[in-house]
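Structure first, commentary second.
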Amino acid sequence: MEFVKKDILSIEELAREEIELILETADSMKEISQRDIKKVPTLRGKTIVHFFHEPSTRTKTSFEIAAKRLSADTVSISASTSSIVKGETLIDTAKNLEAMNPDVIVIRHQASGAPHMIAKKVRSSVVNAGDGMHAHPTQALLDMMTVREKKGTLSGLRVAIIGDIAHSRVARSNIVGFTKMGSTVVVAGPPTMIPTGIESFGVKVTYSIEDAARKADVIIMLRIQKERMGDSLFPSDREYANFFGLTHKAVSKAQKDVLIMHPGPINRGVEIPPEIADGPHSVILDQVENGVAVRMALLYLLIGGSRHASDD
Amino acid sequence: MRLMIRGGRVIDPASNTDAIKDVVVEDGKIVELRPGAEGRGQRTDNRKQKTEDRQQKSEGERQKSTIDNRQSTIIDASGKWVVPGLIDMHTHLREPGHEYKETIETGALAAAAGGFTTICCMPNTSPVNDNRSVTDYILNRAKEASYARVYPVGAISAGLKGESLAEFGELKKAGAIAVSDDGHPVMNSQLMRRALEYAKGFGLLVISHCEDLHLAGKGVMNEGAIATRLGLRGIPNAVEAGMVARDILLAELTGARLHIAHVSAEDSVRYIREAKKRGVPVTAETAPHYFSLTEDAILDYDTNAKMSPPLRTKKDVAAVRKGLRDGTIDVIASDHAPHSILEKQVEFDAAANGIVGLETSLPLSLKLVKDGLLDPMPLIAKMSTNPANILGIPAGRLRPGGPAELTIIDPEIFFAVDVNSFKSRSCNSPFDGWRLQGKAILTMVEGKIVFKEM
């Protein structure tokens with residue numbers, strides 16, 4: 001099939017077949033990263049702007065490496081070095097970037113919907129690298145790639161997502177993605193972290209970690225943001241770790257070959273104890289490796305294929 | 001100069017009139033309302049019959065009328081409604097301070113184009129209208145503009161800070177007809193109690209913007225599945241309804257008159273209905289967007305659908321509509337809130353609340369008649385007679401000897417909303433491009449035609 005999307009803003013707008021195509025492409029991209037010479041000329045002459053309006057280490061590095069392995073030229077802008085600090089609006093910044101004719105603008109922003117706003121204003125492809133509490137589509141794709149690689153399928157699985165569902169863009173994108181591919185998703189956390197109307201996504205809700213873990217094929221732990229204590233979502237780290245952190249007992253109720261995942265960065269000892277994060281079920285570093293492959297696949301599909309040729 | 005509006009369907013809730021009549025205007029006053037001439041503008045056979053009866057009875061008078069007709073400028077209003085000038089008791093005019101969004105003049109022009117002869121402007125200007133000199137300034141500027149009558153609403157608290165009372169006596173003396181901290185709730189219940197008590201002594205109406213700021217938190221839209229899907233922080237109904245309940249209890253405690261602004265939530269309607277049954281002196285308004293739109297309007301992060309209170313669900317829209325029908329909600333007000341693209345073409349979280357409404361309020365409200373929810377008479381009551389009564393101003397009725405402030409409505413005309421044609425300086429409307437039926441085609445203030453499109 002031909003990939004005809006201009007932008008990658010959320011998992012919702014990707015059809016099941018498109019997700020499959022991205023994951024298949026990512027599988028072949030992964031091989032490039034395992035070579036001695038990790039570079040192909042596919043995107044030579046293309047320009048990619050990485051516009052990170054919110055701190056990021058993993059995602060930003062992953063995007064940059066992905067672009068470089070495909071020989072694209074990359075420019076990186078962060079909030080502190082951009083004109084935003086001089087009072088420029090987001091749309092003006094985007095229009096100015098656009099005037100320099102980049103092929104792709106990768107954006108991370110703390111406001112939900114910011115990449116959508118930009119995508120409507122520019123001709124370049126826009127890739128959402130995480131917006132507010134809304135979406136983190138490349139994270140969901142790399143999570144699905146990791147699960148598919150280990151389990152051979154994405155359908156019929158039981159996926160537990162545990163933690164602050166309410167404020168997590170990773171949770172939203174994974175819920176939509178895994179559900180779309182035919183798996184069952186269970187979300188768990190204290191009720192203060194379960195958003196209103198989450199049932200409409202077709203997920204099951206429980207407030208017990210052990211219930212969520214029972215018979216799970218995949219457990220995705222979410223990062224607890226300590227600043228959320230100010231919002232009275234939970235009383236203390238200690239209480240959170242005791243009642244909502246992952247335990248050996250909970251893992252023992254899951255399938256024997258359960259995968260333990262985490263989008264990072266980890267609060268060791270809060271949502272996940274170190275021995276589980278580093279244990280045999282953990283695929284946390286595979287996720288990071290696959291992140292590069294998925295992002296290479298997306299860049300390739302957006303600007304390396306025939307889309308632009310057929311547009312003209 | 002003498003002017004006759006001939007053959008229109010005169011709808012005047014104050015006198016319970018709904019009949020074909022000719023309206024004669026002279027020297028800024030209505031001098032005569034008389035049965036309309038035969039064969040023009042009848043809407044039903046029944047009414048036609050009645051009109052004919054009356055015609056026969058006043059044969060002599062009719063001959064006299066014919067003579068008058070030759071001397072008057074005649075406006076043919078057959079097939080149109082002639083109603084008392086519409087009153088918008090909830091408008092933001094942005095002057096002084098934010099003239100790039102709206103001035104008193106452009107706001108008054110927008111009012112005239114929307115069929116409003118009277119508007120009440122909220123005090124959240126810069127400086128805040130919490131003292132006599134700002135009220136004076138607004139009234140002077142309104143007099144210069146003269147497209148609509150402008151009544152300023154003073155602040156409840158000094159600087160809208162919610163800490164101490166503004167000088168109600170001075171405000172009233174200068175011409176303020178009500179007090180409100182609109183845009184901000186009075187979070188301190190003691191201060192709200194004192195405001196109600198103190199306002200009572202001056203006969204000032206207190207208009208309450210009901211919002212529990214702690215519960216609202218950083219919310220930017222209605223709480224629910226759509227907010228969750230969009231990753232936007234939610235505002236539950238209890239944010240509004242909790243404060244509605246508090247203010248009703250305080251009105252009951254103090255015996256002061258309370259008017260609840262922009263009702264949007266099902267629970268608020270329920271509390272107001274119950275309070276009215278108990279005889280609490282409370283009235284309420286809603287705005288057209290709360291009976292025309294749901295939170296679905298935000299699905300593409302459209303900042304023109306961001307407002308406070310937020311657009312809510314189908315259930316809430318149904319409750320607001322029911323409240324309008326059963327009289328729980330007395331008034332339709334626009335909550336006209338102009339903002340420029342500087343405040344609206346930004347991230348949803350950062351966008352300003354509010355939409356312009358003066359030029360869409362009537363067409364959207366006329367849809368309630370098309371939908372069979374309201375008859376024309378109660379609709380006009382909610383947009384003219386009721387706000388006049390609640391505010392205690394000499395408007396909202398058509399009577400011989402009274403001021404010639406009236407609106408002619410074409411209830412049938414189809415048109416597309418085009419924000420670029422707005423008289424308002426701002427165009428932040430989620431209704432751009434909507435096909436609507438019915439609008440004002442003539443607006444008259446003190447006998448002067450301030451808007452005409454016929």
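The values are calculated or read from the model by the stated rules, or taken from the named source; none is laboratory data. The model shown is predicted, which means the values in this text are computed figures rather than measured ones. As a convention, Cβ positions derive from the backbone with ideal geometry for all residues, glycine included, and neighbour counts pool all protein chains shown. For accessibility, only protein heavy atoms count, side chains too; no ligands or nucleic acids. Shrake-Rupley method; radii C 1.70, N 1.55, O 1.52, S 1.80 Å.
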Going by amide H atoms built from the backbone, whose H comes under 5 Å of the H on B:Asn428, apart from near neighbours?
B:His339, B:Val356
Just want to confirm a number: the relative contact order over segment B:85-391, from Cα pairs under 8 angstrom separated by 6+ residues, in percent.
17 percent
What do you get for Rg/Rh of segment B:316-454 when both radii come from the Cα atoms and Rh is the Kirkwood radius?
0.98
Non-local amide H neighbours of B:Ser208 (under 5 Å, H modeled in plane, Pro and chain starts lacking H): which ones?
B:His259, B:Ile260, B:Ala261
With labels modelled as points extended 7 Å from the Cα through the Cβ direction, what inter-label distance (nm, one decimal) is found for B:Leu215 paired with B:Glu412?
4.8 nm
Using helices alone, I'd like the mean residue ellipticity at 222 nm for the protein assembly as shown: each DSSP H run of four-plus residues gives -39500 (n - 2.57), total over residue count, nearest 500.
-10500 deg cm²/dmol
Flagged links, alpha-carbon separation over 27 Å, of B:Lys200/B:Lys277; B:Lys423/B:Lys448; A:Lys38/A:Lys226; B:Lys161/B:Lys344; A:Lys226/A:Lys256; A:Lys121/B:Lys306
A:Lys38/A:Lys226; A:Lys226/A:Lys256
Hydrodynamic radius by Kirkwood, which averages 1/r over all alpha carbon pairs of segment B:169-321, in angstrom
16.0 Å
Of all accessible surface on the protein assembly as shown at a 1.4 Å probe, what whole percent is carbon and sulfur?
49 percent
Whole-percent tail of the Cα-Cα distance distribution for segment A:137-287, cut at 28 Å, equals 9 percent
Inter-label distance for A:Arg228 and A:Val40, nm, one decimal - labels placed 7 Å from Cα along Cα-to-Cβ
3.9 nm
Applied in sequence order to segment A:234-248, the curve 6.51 cos²θ - 1.76 cosθ + 1.60 (Karplus, θ = phi - 60°) yields integer Hz couplings, x standing for Gly and Pro, of 7, x, 7, 4, 5, 5, 4, 4, 5, 10, 10, x, 6, 10, 4
According to the Cα gyration tensor, what semi-axes, each the square root of 5 times an eigenvalue, does the equivalent ellipsoid of chain A have, listed from largest to smallest in whole Å?
33, 22, 17
HN-Hα couplings for segment A:65-72 via Karplus (6.51, -1.76, 1.60; θ = phi - 60°), in whole Hz with x for Gly/Pro, come out as 5, 4, 5, 5, 5, 9, 6, 7
Can you report the principal axis dimensions of the protein assembly as shown using only the alpha carbons, biggest first, rounded to whole angstrom?
107, 62, 50
Farthest toward the dipole's positive end in chain A, which of A:Ile276, A:Thr47, A:Gln34, given Cβ charges of +1 (Lys, Arg) and -1 (Asp, Glu) about the Cα centre?
A:Gln34
Got a sec? Which residues of segment B:218-264 lose 30 Å² or more of accessible surface with every protein chain in place, vs. that chain alone, 1.4 Å probe?
B:Glu223, B:Ala225, B:Thr228, B:Arg229, B:Gly231, B:Arg233
Residues of A:87-94, mean number of Cβ from any other protein chain within 10 Å of their own Cβ, rounded to a whole number?
2
Can you list, bin by bin at 10 Å, the percent of alpha carbon pairs in segment B:85-391, starting at 0?
7, 29, 38, 23, 3, 0
Return the sequence-ordered ³J(HN,Hα) values of segment B:86-99 in whole Hz as given by the Karplus equation 6.51 cos²θ - 1.76 cosθ + 1.60 applied to θ = phi - 60°, using x for Gly and Pro.
6, 10, 10, 8, 8, 9, 10, 9, 6, 10, x, x, 10, 5
Which residues, if any, in segment A:104-140 have at least 50 Å² less accessible area in the whole protein complex than in the isolated chain, probe 1.4 Å?
A:Ser112, A:Met133
For B:Leu374, list long-range residues whose amide hydrogen, built 1.01 Å from N in the peptide plane, is under 5 Å from its own amide hydrogen.
B:Val369
Output row A,B: buried area (accessible, probe 1.4 Å, summed both chains) in Å², nearest hundred, equals 1700 Å²
If you build a Gaussian network model of chain A, linking Cα atoms that sit under 10 Å apart, which residue out of A:Glu31, A:Glu12, A:Glu64 swings the most?
A:Glu31
